[in-house]
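Working notes for the structure below.
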Amino acid sequence: MTRTEQLNRILRSLQAGTPDIEASALISEDGLMIASALPQHIEEGRVAGMSSTLMSLGSRAAMELERGELNQVLIRGPEGYAVMMAAASGTMLLVLATKAAKLGLLFLDMDRAVKEISKTL
């Protein structure tokens, strides 16, 4: 099994184990899609670019505001959440979740997925 297949398996497993997760992706800090389990109507390139920009801005803000190293970026809208979490070196995990998602459980499941991703990369 290739690394890309292993990463896709991790993302699918994350979604299967957490019903409130609608989609997920692993994105490089350069804005390149590494692996994804996104719906077909979502353009991967745009998602990767926007996610990279948000993580970069979040990192700068965290440093300027003396909050230390950035761990997560959380976006909440009327339809649910987009959560980005630092994964293995130079990568981030993006998860799209329903508005009913329990954030504590979501963070826990994302932490577990990040550990698996780190082992794979």
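The values are calculated or read from the model by the stated rules, or taken from the named source; none is laboratory data. Predicted model only: the values in this text are computed from it and were never measured. So basically every Cβ, Gly included, is an ideal-geometry build from the backbone, and we count neighbours across all protein chains shown.
What to note about this one:
- Pairs, first assigned to a helix (DSSP H, G or I) in region 106-121, second among the basic types (Lys, Arg) and surrounded by fewer than 20 Cβ atoms within 10 Å (Cβ to Cβ), C-beta under 7 Å, six or more apart: Thr120/Arg3
- Any chance Met92 is under 11 Å from the mean Cα position of the chain (by Cα) and part of a strand (DSSP E or B): yes
- Residue check, Ala97 crowded, with 19+ Cβ neighbours inside 10 Å, touching a helix residue (DSSP H, G or I) at 6+ places or on another chain (Cβ under 7 Å), of a type in the set (A, V, I, L, M) and at pLDDT 95 or above: yes
- Looking only at residues of region 20-44 that are in contact with a strand residue (DSSP E or B) (Cβ under 7 Å, 6 or more places away or on another chain) and small (Gly, Ala, Ser), we find that the one that is farthest from Lys99 (Cα to Cα) is Ser28.
- Some residue of region 49-62 being buried (at least 18 other Cβ atoms within 10 Å of the Cβ), without any contact (Cβ under 8 Å) to a residue 60 or more places away in the chain, aliphatic (A, V, I, L, M) and in a helix (DSSP H, G or I): yes
- The single residue among Ile42, Ile75 that is of a type in the set (Val, Ile, Thr) and either more than 13 Å from the chain's Cα centre (by Cα) or assigned to a loop (DSSP other than H, G, I, E, B) (or both) turns out to be Ile42.
Matching residues to (1) without any contact (Cβ under 8 Å) to a residue 24 or more places away in the chain; (2) buried (at least 19 other Cβ atoms within 10 Å of the Cβ); (3) in contact with a helix residue (DSSP H, G or I) (Cβ under 6 Å, 6 or more places away or on another chain); (4) farther than 20 Å from Lys115 by Cβ:
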{"residue": "Leu11", "(1), (2), (3), (4)": "no, yes, no, no"}
{"residue": "Pro19", "(1), (2), (3), (4)": "yes, no, no, yes"}
{"residue": "Gly31", "(1), (2), (3), (4)": "yes, no, yes, yes"}
{"residue": "Glu66", "(1), (2), (3), (4)": "yes, no, no, yes"}
{"residue": "Glu69", "(1), (2), (3), (4)": "yes, no, no, no"}
{"residue": "Glu79", "(1), (2), (3), (4)": "yes, no, no, yes"}
